Amino acid sequence: MVTGNDPIVEGFVNCVRLAWAVHLMLTQDGFDVKDTSAAPSSNHAQYICACLDIVFSNNVFQFWLDKILRTAAFKNDDEDMIYMYDAYLHKMVTCFLSHPLARDKVKETKEKAMNALGAYRQVGSNDPMVDGGSHSHHSSETTSQPFVSLLEFVSEIYQKEPELLIGNDVLWTFVNFAGEDHTNFQTLVAFLNMLSTLASSPEGASKVFELLQGKTFRSIGWSTLFDCLSIYEEKFKQSLQSPGALLPEFQEGDAKALVAYLNVLQKVVENGNPIERKNWFPDIEPLFKLLGYENVPPYLKGALRNTIATFVKVSPALRDAIWAYLEQYDLPVVIGPQVRNNVQPMPAQIYDMRYELNEIEARREQYPSTISFVNLLNTLIADETDVSDRGRRFIGIFRFICDHVFGPFPQRAYSDPCEKWQLVVACLQHFRMILAMYDIKDEDIDSVNPSQQSSVLQSTPLEMQLPVMELMKDFMSGKTVFRNVMAIILPGVDSIITDRTNQIYGQLLEKAVLLSLEVILLVLDKDVTVSDFWRPLYQPLDVVLSQDHNQIVALIEYVRYDFQPRIQQCSIKIMSILSSRMVGLVQLLLKSNAAGPLIEDYAACLELRSESQIVEDSSEDPGVLILQLLIDNIGRPAPNIAHLLLKFDLDSPVERTVLQPKFHYSCLKVILDVLEKLSKPEVNALLHEFGFQLLYELCVDPLAGGPTMYLLSTKKYQFFLKHLDTFAVAPLPKRNNNQALRISSLHQRAWLLKLLAVELHGADMASSHHRDSCQCILAELFGLEIPESGIDKNTLQPMILNSSDIAGIRMMGKNKVLGLLEVVQFKSPDNVKSSQAISNMKYGFMAEEILSNPSAVGKGGIYYYSERGDRLIDLTSFRDKLWQKCNIFNPQLSSFGSEAELNELRDVIQQLLRWGWKYNKNLEEQAAQLHMLTGWSQIVEVSASRRISSLQNRSEVLFQLLDASLSASASPDCSLKMALMLSQVGLTCMAKLRDERFLWPGGMNADTVAFLDMIMTKQLSNGACQSILFKLIMAILRHETSETLRRRQYALLLSYFQYCQHMLDPDIPATVLQFLSANEQDNDLDLEKYDKEQAELARLNFAILRKEAQPILDLVIKDATQGGESGKTMSLYVLDALISIDHDKFFLSQLQSRGFLRSCLMSISNVSYQDSRLSLESMQRIYALEGELALLLRISHKYGKSGAQVLFSMGAVEHLSSCRIFNMQVKGGLRRVDTKFGRDFSVDVDKQRMVIAPILRLVFSLTSLVDTSDFFEVKNKVVREVIEFVKGNPLLFDQILQENISDVDELTMEQMNLVVGMLSKVWSYEESGEYGFIQGLFGMMCVLYSHNPEYFSSTESTRFLESKRKAELNRSRLCFSLSSYLYFMVKQKSLRLQVSDGPTEYRASATRQQPTLTLLGHFLNSLTTALERAAEENCLLLNKIRDINELSRQEVDEIITMCSRQDCISSSENIQRRRYIAMVEMCQSVADRNRLVTLLLLLAENVMNIILVHFQDGQVMKAFTNERKGNFDEDISFLCQKLVPILERLESLTEDKTGHNLKVFCRLASSLKEISIQKLAM
């Protein structure tokens, strides 16, 4: 090989020669193995020897060290590459040292090195020539010794990879050889350095300890180390005792040998077995004795302190001993009064740490003593468990580090730049430790008076200062520590990257930057607590940073630093905090031209994370941190950091952005790419999860939602459909294999489903992108396809229900909605409470006490909130609290004296920690399961409520969803929270099924609408209904339940009963149905079949309920009696529904036998309200009272007089009479006071509607028993109790009777009907006239009877208005009650009316006297006109219904407008939908008109009977008439002239027009007409 004159080339050539020689050795060994008879090749041996001669003569090992292994390029290379290099070097060295020729050469080289005796030089503390650092330049003798270089070469190889030493017998053989017979300190130091490297693993540490503990080497051992320290300490002590004598100088060889020994000791203790090492070195006091002497070299002091620091972790007792030894032997820290030692202030000229730093080390420009001093104190303070004084005893140390070490470090000179950054790192570690260990309390905040000047603050006594407070004040005022920290960071990320790559101190600089960022994060975490109290002297750190924008930019740009992920994490966290505090952060970045690179840096960081290995701690995952940063910023004022990093257009309104991630490299592009592939789920599970969450948050944001949803719905991405076929319905990972991935997978699916729900709910259907997207989502969810079109599902065209293109849509296979439910439907992992987990443990009570602490959440607490919002146990804090609870760190307070009890305690704590870990995982899985179910419920409810109209077979789809949700909620694997969500889904589906049946029946595809189509709308089969009811009952009867869940299930049950109701009103006459269905084929057969099916469904429902009646009634009655007020109300309505479908009085007898009805009556009688300002509880009680009254009224109506008799026999009227609800004002609403918020909330509680009207209805229903009573029995019990009820509430009855009939609402009119109906039944038996009710009734008669015909039958223009129709019915009903009362008085009580009042107008005399026969004649005329008009309008409506398909759209719209139903239909609705709505409204009008005709006929019949009685009893009439002045014959003649034409019109009414049989009615009219004609003739 030709090397030329270049020494570098020659050195590398020699490295190749060494490798070639090793290769030849391996080759020679190979020949030996293959052929034992063959002699070694002489050529090989010659080549090996020649190469070894050159290698050793040129000391290639030193070249390896100086030019390769110790260079910045090698040390700063990638760790994996360094490991590979070291592994190859390990193989080379092992082969080299195992070969006989090499061993001989090494032995020869060792002998030469031992013969070259190195001269010992005296080492003074001020000698600038001595360098004891790790990077020293050796003397010429040392550098010329290949043996020394070989030892150092071996040390360098195994320094970073100690695991290569395992089983390396060759190397340990070499150790035994190299450790013998050292005659100079250079070889000894090199050998000991190699031992320190070999002790870098537990096995190596144990072997090295045994080597130096035994007699393997004659002159090398632990005793040599400690003897040497003791000898020098004795020399120094004797010198101090001799007056005027100088301290002896320290020999260089001894100093360096001691340093090497100490390095070995440090590694042995650091890596030794924790149990065994406690007994290795019982006495470490000699390590402290040389620290206080000035002539001891600083690098030796540094080695001593570094070694001492390793003993801190050996045991708590040894740690306390170290503190004591340091106070006794080490140099003091004199900063004002010494707090720790309680020593008085010393003179200024004292040999302390300040003096050693500023006078000794600063002159030598080397700082090993100070570095080791700070590191040792950091180790000791970090191991402290008592933080009660919050570091006050360390204030002197803190001030020394701040003022003398870290403060002037930029101005100091350094011979070794590595020491500069070692010093900085030590100081920053101290600051970080202070900020992390100690919290700021309220008294600390109050101790700072911002009105004082800074000079006053500086004069605060040292013993009153707290390190954490002083550090916070420094940063918040921009003082020395803050400026130096920012000086480390401000060179910028590019400069740090350059130094990290090219400088030997690159890794130290990197650590300094990391610690600086961590310190800034800790300050940002605490400054908000105190900033409001300390202004204006101290400002929050973000305000201090914003004074120079370069500082903010520098901090944020460290996200680009990819050598150390923790630096990126800190930069991202700082960005997150600054973005939450600084409104103009985005503008600042744009102005500084840092926005563009920052966008790419964040995207690159996120992309790199997606391609890297998994990060165990999610809180330190840079990818998760970036996604959380984006999520947190989405809702902040625009433009925000999320808009910037996602590449929204910041030059225009954000909502107008057109996102183009394929052309702009940003986080959005990376996220979409990651979510498109979903690759490496084990590694990127959290990225996928938070990526889906980010897209969801973007879509629901008011500003970013539009652009994001548009982007995701475009054909380029089709994001909404991408994972429904594969990922969404794929089986979950097994819990035992990878529970973390299982949890994340559930969350991913949850966010995906919620994202789909947002698109379905909020999509702009005017946009073709969104319209196509929604239709495709529905097609995927419910298994739809267009088989004829051949269009891929991802490009599925819009499916409009009335379009001809959708004819081929059908259900295919199993829809994915049910598949998604199957994914989430699994048994949740049980979280056993700690009390159950440790019930048999001796110290279980401690864990219970710790976990039950209400203030255990937050910083320093037992619980913390994860990035998903789950409250988990902090296992580290839990462990520390357990040990603290046991006083294990304080032997004096510890109650666990024996080793056995201590081991038992350790086992208990380990079991508790294992339980805590399992608890956290199970809790996270439960939350993830609920989250996915939430997403599923959202997409189902949105689809059902807003988008299902696009589908055919809607009822089948809804039934499948309802059936699946009920089955899942009834499953024993379903948790209570899941059952709540599933019940809500079922409630929505049931409501939509009901709407499908009643509001807009499906299955009508033609443009025409037939009456039978409307009646016989498509309904689920009886079997399907039976399945729903059975599963619903099973869900109600599930083992794990709650009142909230049952309320939803009860609501679902009530909705089901409504769905099963008959479409036809049972009161509609058969003649009307025959007329409407006259043109329908087989109408009678269809109606009969429909009626049979409905009857069969009612029978099946009752059979199912009867089978499960006992448990159902037990549960419902328990809720109705013992539940909350809301639960009571729902339970009462369920009982109401059960009564309504009852057969053979089964449920009535059940309620009677359980005493429930009597308890209801007792509950009603106990209601009392004294104040009109009601609480929420009182309002809920009113709702429950309304439910109780409704149930009792249902019993009375369902079972007729038998039901009324049951209630009456239980004293219903008496209980209602004792109800003190009437104590409140009759008028006005009720107001609720919300005491929680301290302000009034006006809540309109219509007492008349909720309480008074139901009570009146119930009492009126009980008056049906009067008809079966003996009218002539004055003491009849029914009549008597009702009269007593009336007398008990005279104000109520009087007020209702005094209402102005022409100006009352529907409710008041109903109350008037009830009051009049009640009085008409019972008041005729009351002989006392003191209450004046009779005059009230007569006055009401006079007013009503005097109205014109329009008052009882509206004109054509208003006949479709529902309110008008109801008013007409109520007025007619009221008139009928009055007429019935009047007829009873005339017929039974012999009341006789006058013919007329004379010339006085009807209205004027209405309130002063009884009605007259003339008034009745006028009233009969009005009734006849109203009856004719109503019958005619009824016929017209029936004809329009029959001809509905022939009406034009304009005519149909006119009907809809007259019915005020424009809100039910949009302008885009087709004619079919319009005709259906018009037909429904007209059918309702027909029903109301039919009721009105019935009432008018009965009313006219009563009036004619009253007049007929008077005509037949002429003598009495004459007596009444003669009392006034006038001619009786003229009055009778006038009355009869008016009556004859009226009666002729009544005779002309036919059954075809009225729909009623009029034979009796016409016979009565003819009789009265004949008598009237006779009277005229007389």
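The values are calculated or read from the model by the stated rules, or taken from the named source; none is laboratory data. Just so we're clear, the structure is a prediction, and the values are computed from it rather than from any experiment. Backbone-built Cβ (ideal geometry, glycine too); neighbour counts: all protein chains shown. To get the accessible areas, we keep the full protein, side chains included, count just its heavy atoms, and leave off ligands, DNA and RNA. Shrake-Rupley method; radii C 1.70, N 1.55, O 1.52, S 1.80 Å.
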Residue within region 1389-1400 that is modelled with pLDDT under 75, surrounded by 18 or more Cβ atoms within 10 Å (Cβ to Cβ), assigned to a loop (DSSP other than H, G, I, E, B) and not hydrophobic (A, V, I, L, M, F, W, C) present: yes
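Do we find that residue 655 is over 15 Å from residue 575 (Cβ atoms) and open to solvent by less than 10 Å² (accessible area, probe 1.4 Å) in this structure? Write out each step before concluding.
Details: over 15 Å from residue 575 (Cβ atoms): yes; open to solvent by less than 10 Å² (accessible area, probe 1.4 Å): no.
So residue 655 fails the test.
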Flag for residue 959 being over 29 Å from the mean Cα position of the chain (by Cα), at pLDDT 85 or above and not in a strand (DSSP E or B): yes
Per-region count, region 1116-1141, residues surrounded by 17 or more Cβ atoms within 10 Å (Cβ to Cβ) and more than 21 Å from residue 1193 (Cα to Cα): 1
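Looking at residue 735, is it touching a residue at least 24 places away in the same chain (Cβ under 8 Å), open to solvent by less than 10 Å² (accessible area, probe 1.4 Å) and of a type outside the set (A, V, I, L, M, F, W, C)? Give the steps one after another, and end with the answer.
Values: touching a residue at least 24 places away in the same chain (Cβ under 8 Å): yes; open to solvent by less than 10 Å² (accessible area, probe 1.4 Å): no; of a type outside the set (A, V, I, L, M, F, W, C): yes.
Against the criterion (touching a residue at least 24 places away in the same chain (Cβ under 8 Å), open to solvent by less than 10 Å² (accessible area, probe 1.4 Å) and of a type outside the set (A, V, I, L, M, F, W, C)), residue 735 does not qualify.
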Residues that are surrounded by fewer than 21 Cβ atoms within 10 Å (Cβ to Cβ), part of a helix (DSSP H, G or I) and either out of contact with any Ser or Thr (no Cβ under 9 Å at 6 or more places or on another chain) or among the charged types (D, E, K, R) (or both), drawn from region 283-320: 285, 313, 317, 318, 319, 320
Every residue from region 375-392 that is open to solvent by less than 30 Å² (accessible area, probe 1.4 Å) and farther than 13 Å from residue 308 by Cβ: 381, 390, 391
Some residue of region 227-234 being touching a residue at least 12 places away in the same chain (Cβ under 8 Å) and of a type in the set (A, V, I, L, M, F, W, C): yes
Cβ-Cβ under 9 Å pairs, at least 6 apart or on other chains, region 473-495 side within 21 Å of residue 601 (Cα to Cα), far side outside any helix (DSSP H, G or I): 490/548; 493/561
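Would you pick out the residues in region 1422-1443 that are part of a helix (DSSP H, G or I), open to solvent by 40 Å² or more (accessible area, probe 1.4 Å) and either over 29 Å from residue 1503 (Cα atoms) or modelled with pLDDT under 80 (or both)? Reasoning before the result, please.
Of region 1422-1443, the ones part of a helix (DSSP H, G or I) are 1422-1442.
Subset that is open to solvent by 40 Å² or more (accessible area, probe 1.4 Å): 1428-1429, 1432, 1436, 1439-1440, 1442.
Scanning region 1422-1443 gives 1439, 1440, 1442.
Results for (1) out of contact with any Ser or Thr (no Cβ under 8 Å at 6 or more places or on another chain); (2) in a helix (DSSP H, G or I); (3) buried (at least 18 other Cβ atoms within 10 Å of the Cβ), shown as yes or no for each residue.
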position	(1), (2), (3)
698	no, yes, yes
725	yes, no, no
728	yes, no, yes
742	yes, yes, yes
752	yes, yes, yes
755	yes, yes, yes
759	no, yes, yes
773	no, yes, yes
Members of region 1040-1058 found to be in contact with a Ser or Thr (Cβ under 7 Å, 6 or more places away or on another chain) and among the aromatic types (Phe, Trp, Tyr), listed by number: 1050
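Return yes or no: is residue 668 open to solvent by less than 50 Å² (accessible area, probe 1.4 Å) and modelled with pLDDT under 90?
Numbers: open to solvent by less than 50 Å² (accessible area, probe 1.4 Å): yes; modelled with pLDDT under 90: no.
Here the answer is no, as residue 668 does not meet what is asked.
How many residues does region 1095-1107 contain that are open to solvent by less than 40 Å² (accessible area, probe 1.4 Å) and either in contact with a strand residue (DSSP E or B) (Cβ under 8 Å, 6 or more places away or on another chain) or not hydrophobic (A, V, I, L, M, F, W, C) (or both)? First the steps, then the outcome.
So the first thing to find is which residues in region 1095-1107 are open to solvent by less than 40 Å² (accessible area, probe 1.4 Å), and the list is 1097, 1100-1102, 1104-1105.
With the extra rule that they be either in contact with a strand residue (DSSP E or B) (Cβ under 8 Å, 6 or more places away or on another chain) or not hydrophobic (A, V, I, L, M, F, W, C) (or both), the set shrinks to 1101.
Of the residues in that region, 1 qualify.
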Single match in 963, 973 (criterion: open to solvent by 40 Å² or more (accessible area, probe 1.4 Å) and in contact (Cβ under 8 Å) with a residue 12 or more places away in the chain): 973
Filter result (over 56 Å from the mean Cα position of the chain (by Cα) and buried (at least 16 other Cβ atoms within 10 Å of the Cβ)) within region 1302-1330: 1316, 1317, 1318, 1319, 1320, 1321, 1322, 1323, 1324, 1325, 1326
Residue match in region 1520-1532 (condition: open to solvent by less than 90 Å² (accessible area, probe 1.4 Å) and at pLDDT 80 or above): yes
Meets criteria (open to solvent by less than 50 Å² (accessible area, probe 1.4 Å), small (Gly, Ala, Ser) and at pLDDT 75 or above) for residue 1372: yes
Only one of 255, 260 that is at pLDDT 80 or above, closer than 26 Å to residue 186 by Cβ and in contact with a strand residue (DSSP E or B) (Cβ under 7 Å, 6 or more places away or on another chain): 255
Any chance residue 91 is charged (D, E, K, R), out of contact with any strand residue (DSSP E or B) (no Cβ under 8 Å at 6 or more places or on another chain) and at pLDDT 80 or above: yes
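Answer yes or no: is there a residue in region 1464-1487 that is closer than 23 Å to residue 1385 by Cβ, open to solvent by 30 Å² or more (accessible area, probe 1.4 Å) and either aliphatic (A, V, I, L, M) or at pLDDT 85 or above (or both). Quick ask: steps written out before the conclusion?
Residues of region 1464-1487 closer than 23 Å to residue 1385 by Cβ: none.
Taking every residue of region 1464-1487 in turn, none turns out to be closer than 23 Å to residue 1385 by Cβ, open to solvent by 30 Å² or more (accessible area, probe 1.4 Å) and either aliphatic (A, V, I, L, M) or at pLDDT 85 or above (or both).
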Those residues of region 1557-1578 which are closer than 14 Å to residue 1500 by Cα and not in a helix (DSSP H, G or I), in sequence order: 1558
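One line per residue, one yes/no per condition, for (1) in contact with a helix residue (DSSP H, G or I) (Cβ under 8 Å, 6 or more places away or on another chain); (2) at negative phi; (3) at pLDDT 85 or above:
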| site | (1), (2), (3) |
| --- | --- |
| 341 | yes, yes, no |
| 345 | no, yes, no |
| 348 | no, yes, no |
| 354 | yes, yes, no |
| 369 | yes, yes, yes |
| 372 | yes, yes, yes |
| 379 | yes, yes, yes |
| 387 | yes, yes, no |
Subset of region 761-771 that is part of a loop (DSSP other than H, G, I, E, B) and not hydrophobic (A, V, I, L, M, F, W, C) - its residue that is most open to solvent (accessible area, probe 1.4 Å): 764
